[in-house]
Amino acid sequence: MDKIKIIGGFPLHGTVKIQGAKNAALPILISTILFNDQVTITNIPILEDITTTLAILKELNLEITPVSPNTFTFNSANINKFQASYDLVSTMRASMLILGPLLSKYKQAIVPLPGGCSIGQRPIDLHIKALQKMGAKITIEHGNIIASAKTGLLGTEINFSKVSVGATEHVMMAGVLAKGKTVIHNAACEPEIIDLANFLNKGGAKITGQGTSTIEITGVESLGNTNYTIMPDRIEAGSYALAAIATKGEIVLENVKQNIFGDFLTILEKTGAKLKWLNATSLQVTAPKEIMPVNIVTAPFPAFPTDLQSPFMSTMLCAKGDSTIKEEIFENRFTHVPELARMGAEIIIQDSHSVLIKGKSHLTSANVKATDLRAAFALIIAGLVAEGETVVTKLHHLDRGYNDVVGKLSGLQAKITRDQ
Ligand code: EPU
């Protein structure tokens, strides 16, 4: 079995190059369906979720040509299939975002229902209702979403009852080639949404308001030839920053940007960590002598991101007092708690959304299993501080979103190896 072995107790030191953002790359790659000409995209992270996305696009006969390890060209001229296969969609929920672009450009799409996942039920009602409001006919048959829009999608007002990153991206993509103006109210404001809008605008789309809660999309006839560089991965960057603090180290995050972190950096400073921008793209993170406990609540951007909740929990296990986490986005995102408990962590689950973390838990090595992507990194942080050799398995979760963790952490002086 594929496993990562970590000998804990070594502070992280050095520089780590941050990958392109997974959660910006996924919708950006999918939205190449909307273009008529060739598109070149750089800073694409090499991850399992990207491999899945490329496979789905290839199934549609979208031509993809590698230019260098992180750069590909995409040409949608020969798309002649409008259906994604269950095997691919079921491994990655974001793949259902192909529905809107196929529908708006080719007026038809069949996409398997993505189903629930380990962090919660994750319904898609907001996506479906919005596309219906734009004129799509949608039925669910035998586990497939079957959609058509004979005369194309129409711009309209969409009022989301809940802030959703994916649904905001989906409507933005669907609105680009729709007739007339689409206005999204209660839109998500995540930097990845700004990145998607910037990419589409570079190809000729007319999107304004990205990064605010009201986004306007004026439909255009077509999108043309362009190139784009994906933004840095703020979640990967945050994960390494938390690992540096937990191990009492000092690292430099390279290839990041100042405006992508929202409140996260302020919360890092509350732990006592010192943050210093060495230049516009390099952030130095220095751990405090003693880590202060900080209570957090996850919520849409700019608040603390749910994707950093589990790594933050591992860091808080090393704090000098107790802290709490309230998870407001997903209903089942504490599956890492029993695994951390196997390492001696004292964490009390108060209800399905709240935990109390006992600081200065004495962590000792154990065999642990990753239960989702971010939980995998939380266990790695725990392993970096635990006494003895921790073994982490179920690494397919980790590989979905973190490129070369072992290489990057080894470069930061961690004692970490991976066995097949
Ligand atoms: N929701 C609904 N109905 C919908 C859509 C969402 O009720 O139709 C609910 C969800 O169940 C959840 C909340 O709305 O309770 C927010 O979910 P959202 O739609 O914002 O999440 P997402 O678009 O499915 C993206 C990221 C996630 C990240 C969340 C929240 C991508 C590919 N995924 O998911 O990333 O946690 O936003 O920020 O962008 C990860 O990278 O580990 C990851 C899970």
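Along the charge dipole of the chain, Cβ charges K/R +1 and D/E -1, which of 163, 344, 149 sits furthest on the positive end? Going by the Cα projections, it comes out as 149. Within the accessible area of segment 22-229, the carbon and sulfur atoms contribute 51%, probe 1.4 Å, all protein chains present.
Loop-resident GluC sites (Glu not before Pro) (DSSP state other than H, G, I, E or B) in segment 171-235 with no more than 15 further Cβ atoms inside 10 Å of their Cβ: 221.
Think of the chain as having a plus end and a minus end, set by charges on the Cβ of Lys, Arg, Asp and Glu; of 219, 282, 403, 219 sits farthest toward the positive end of this dipole. Projecting the Cα atoms of 228, 124, 353 onto the charge dipole of the chain (Cβ charges, centred on the Cα centre) puts 228 farthest toward the positive pole.
Accessible surface area normalised per residue over the chain is 38 Å², counting heavy atoms of protein chains with a 1.4 Å rolling probe.
DSSP assigns beta bridges within segment 22-229; of those with both partners inside it, close to 70 percent run antiparallel. Dipole magnitude for segment 22-229: about 520 debye, using +1 per Lys or Arg Cβ and -1 per Asp or Glu Cβ, origin at the Cα centre. For segment 115-194, the list of trypsin sites (Lys or Arg not before Pro) that fall in a loop by DSSP and count at most 16 other C-beta atoms within 10 angstrom reads 150, 162.
The GNM of the chain, with springs linking C-alpha atoms under 10 angstrom apart, assigns the highest mean-square fluctuation among 175, 383, 262 to 262.
Could you please state, rounded to a whole Å, how far the C-alpha centre of segment 232-305 is from the C-alpha centre of segment 365-420? Cα centroid to Cα centroid, the span is 19 Å. In this rough spin-label picture, where each label sits 7 Å from Cα along the Cβ direction, the residue 342-residue 266 distance is 3.8 nm.
Here the peptides 308-317, 94-103 are ranked by packing, the mean other Cβ count within 10 Å, and the order with the highest first is 308-317, 94-103. Taking the 1.4 Å solvent-accessible surface of segment 262-379 as the whole, the part contributed by carbon and sulfur is 52%. Simple point charges give the picture: +1 on the Cβ of Lys and Arg, -1 on the Cβ of Asp and Glu, and for the chain a dipole about the Cα centre of about 220 debye. Determine the distance separating the Cα centre of segment 42-117 from the Cα centre of segment 13-41; give it in Å without decimals. Each part reduced to its Cα centre gives a spacing of 13 Å. Which residues' amide hydrogens lie under 5 Å from the amide hydrogen of residue 145, considering only partners 5 or more residues apart or on another chain, with H built in the peptide plane? Distant-sequence amide H within range of residue 145: 111, 113. Expressed to the nearest 5 percent, the antiparallel share of DSSP beta bridges inside the chain is 70 percent. Between residue 295 and residue 280, with labels modelled 7 Å along Cα→Cβ, what's the label distance in nm to one decimal, could you check? My value for the distance between the label points is 4.0 nm.
The values are calculated or read from the model by the stated rules, or taken from the named source; none is laboratory data. This one's a predicted model, so the numbers in the text were calculated from it and none came from an experiment. For neighbour counting, all protein chains shown are included, and Cβ atoms are generated from backbone atoms with ideal geometry for every residue, glycine included. All accessible areas refer to the heavy atoms of the entire protein, side chains included, with ligands and DNA or RNA removed. Shrake-Rupley method; radii C 1.70, N 1.55, O 1.52, S 1.80 Å.
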